[in-house]
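The values are calculated or read from the model by the stated rules, or taken from the named source; none is laboratory data. Everything quoted here is computed from the prediction, not taken from an experiment. Note that each Cβ is placed from the backbone with ideal geometry, even for glycine, and that neighbours are counted across all protein chains shown. These accessible areas exclude ligands, DNA and RNA; they are computed on the full protein's heavy atoms, side chains included. Shrake-Rupley method; radii C 1.70, N 1.55, O 1.52, S 1.80 Å.
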Amino acid sequence: MPHEHPDLPETSDRALGIGAPITRKDFLNTALLGVGAALLGAPAPAQMLQRLEAEREGAAGGRAADPWTGPGGVGDYAASNGNTRAVLDAAHKLRDGAYARLPASARDTGEVYDLVIVGGGISGLTAAYTFTKATGGAKTCLILENHPVFGGEAKENEFVVNGVRLIAPQASNQFGVPRAGSGNVADEVWTDLGLPRQFAYGEMDASLDPLRIPLDNYAHMDGVSETQVDVGYFFDRASGAPRPTWVRNIWANDLAEAPFPDEVKRDLLRWRTTSGESGEAFRRRLDTMSYQDYLERVLGLRHEVTEYITPVVGLINGATPDAVSAFAASQIGMPGVSRARPLNGTGPLPQSFPGGNSTYARHFVKYLVPGAISGERSFEGVLDGRVAFSALDRAGQPTRIRLGAIVVRVEHENAAAASSPNNGVRVAYEQGGRVNTVRARTVVMASGGWINKHVIADLPAEMRSAYDDFHYTPALVINVALTNWRFLYKLGAPSCRWFGNELGFSCNIRRPMQAGSYHPPLHPGRPTVLTFYMGLYTAGRPAAEQGQLGRARLLSASYAQYERRIREHMARLFTPFGFDPRRDIAGIILNRWGHARQVQPPGWYFGRGGQPAAREVIAKGFGRVAIGHSELNGHQSATGAMAQGKRAAEQVLAMA
């Protein structure tokens, strides 16, 4: 039954808990002492103490020195929540031409590597894994990563709340277990890295009313998986309700309680149950039109259907349905253009590792540099282990990972003979305010296309032109550490959706995966993390303009401004169910991603006017440089990143 909502709550600083003192002793008393073995091989004591002080200041709810970035939590990722101010400033220097010519002070390190990989995300780490596996570790590889921690967008946030360690994804999230023996890249990676095929999740106490809690942060979003998870929908006057109202599981009774007009309900139900066709001809047809065109012109559905699904497409595809290819929508399983998913509660739910796909990155690093993560090489060992940062870039080891190194120039030593096996590639990077150069026999560019077109000095004209078809949009992921989630239990909704709000459209908690010493509780009275995923899009604008407008929104607000918005929004939604922002919020971490998604407009996949698609031009690489960033797959995912990283590594192996 619908639950009517009372008047808006008080929004003073005091009522919202802004500036309330937060105890930070939990980190030292619980997290650090509990992982004493992890400190073996860690940085020098002075460096560690400095880092611990920063982590204490960033622990659940603490204030960071940087008023834009905000606190980063505790643990390995405390200094790397999304695109921090330091990372952003360095990238903008590159964009603005600060390194069009290398400074006279640039230093040649004298290092020569068989392979230099630009970018330490999933695609770059997969390229290193593929190269190392194929060469038996007999050849040298250097990974240059601009962030303070490897992983790209596959990183995590960590909190300690009332003695409970909580891990949440910064961005990249969700996995499916590959079928053993299938021979695809995901199966190969899972086998070689020793990832398990079955997982344990926390269970609610049998004395409590059961809730269907998702295992990841996406399953509740589009309404298709609602037969397996409980979702609360908040409607207000702007979204059709006569007064603010919560309705649970609106699809369970065919939208009977949703405040939509009857004709809109009919079209939404038709949309949800319509399946796409199979075959190459249908795929190519989808790429000739936008998803909105397919829904409204081909299927004849009302525009309200497009509006309903816009937040999901805007987040996952990066732009609104009028700017996104219908084939791009099929890649993410949207109804109408992809195979219909079961609506009877069958089939496996999508899953998520505790920190999202940071698990892949950590296992790759353990494989490449065993001493870089404490603990044994097992799922439990890597989850419980800590990064020994000093071990990542030690001289003499076959693979080295250099953090905080933003690549500013990549250029063949002899541009006229780029493909010659005797040619080398000079790679320049800035680290700690100084520009250094190294020499590579081959290079894999696993960094985003928005970086590549600025740093590859001798990029062929055809490829430079192809990059003009790559348009990037931002995303914001917010993790809110809670002392308890009784308000969600009372609402009966571990996942929530709303309409027309600047803080995205949904949030949820997850059933926690449990392994090793990581056993967070699943009880309404105990701590958890509530995660918000938010796209920033503008309907009616071209993809490139949507990205520009979205980045302006993302970057213009300080941490304090976002914090107030989050607290006000949560108070508005949840105060009637006992939520108190002063008491229940233990910490908030922002993860801003300025180029989170590569948008795929019509024609992006299969080309236009008989010309090859831009992604095909880029994937060829040139000379001694292979290009393997994840967006060449279209929809960015961990498995797509692995496929591109492997392909690029195989290209450079063929050069040898």
Item to check | For the chain, size of Cβ-based charge dipole, Lys and Arg +1, Asp and Glu -1, in debye | outcome: 880 debye
Checklist entry - For Lys490, which lysines qualify as cross-link partners when the Cα separation must be under 29 Å and same-chain residues fewer than eight apart are set aside? => result Lys265
Checklist entry - Which residues' amide hydrogens lie under 5 Å from the amide hydrogen of Thr442, considering only partners 5 or more residues apart or on another chain, with H built in the peptide plane? => result Leu115, Val116
Item to check | Debye log10 I(q)/I(0) for the range 95-161, one point scatterer per Cα, at q = 0.20, 0.26 Å⁻¹ | outcome: -0.95, -1.12
Next on the checklist: Can you give me the % of accessible surface on the range 452-508 that is carbon or sulfur? Probe 1.4 Å, all protein chains present, nothing else counted.
Outcome noted: 47 percent
Checklist outcome for this item: Cross-link reach from Lys646 to lysines, straight Cα distance under 26 Å and at least 8 residues apart if same chain, gives Lys133, Lys139, Lys155, Lys366, Lys453, Lys620
Item to check | Share of carbon and sulfur in the accessible heavy-atom surface of the range 163-287 [1.4 Å probe, %] | outcome: 47 percent
Checklist entry - Which entry in (i) 30.8, 107; (ii) 24.3, 74; (iii) 34.2, 116 is this structure's computed Rg and Dmax of the Cα atoms in Å? => result (ii)
Checklist outcome for this item: Of all trypsin sites (Lys or Arg not before Pro) in the range 84-149, the ones in DSSP coil with at most 10 other Cβ atoms within 10 Å are Arg101
Item to check | Heavy-atom accessible area per residue - the range 519-656, 1.4 Å, Å² | outcome: 33 Å²
Next on the checklist: Quick check on packing: order 597-607, 550-560, 640-650 by the mean number of other C-beta atoms within 10 Å, highest mean leading.
Outcome noted: 640-650, 597-607, 550-560
Checklist entry - Can you work out ³J(HN,Hα) from phi for every residue in the range 618-635, in order, using Karplus 6.51 cos²θ - 1.76 cosθ + 1.60 and θ = phi - 60°, giving whole Hz and x for Gly and Pro? => result 5, 5, 5, x, 7, x, 9, 10, 9, 10, x, 6, 5, 6, 5, 7, x, 4
Checklist outcome for this item: Per residue, accessible area of the range 199-258 with a 1.4 Å probe, heavy atoms of protein chains only, in Å², comes to 38 Å²
Item to check | Global size of the range 364-482 as Cα Rg and Dmax, reported in angstrom | outcome: 18.4, 59
Next on the checklist: Rg and Dmax in Å for the range 380-428, alpha carbons only: what are they?
Outcome noted: 16.7, 51
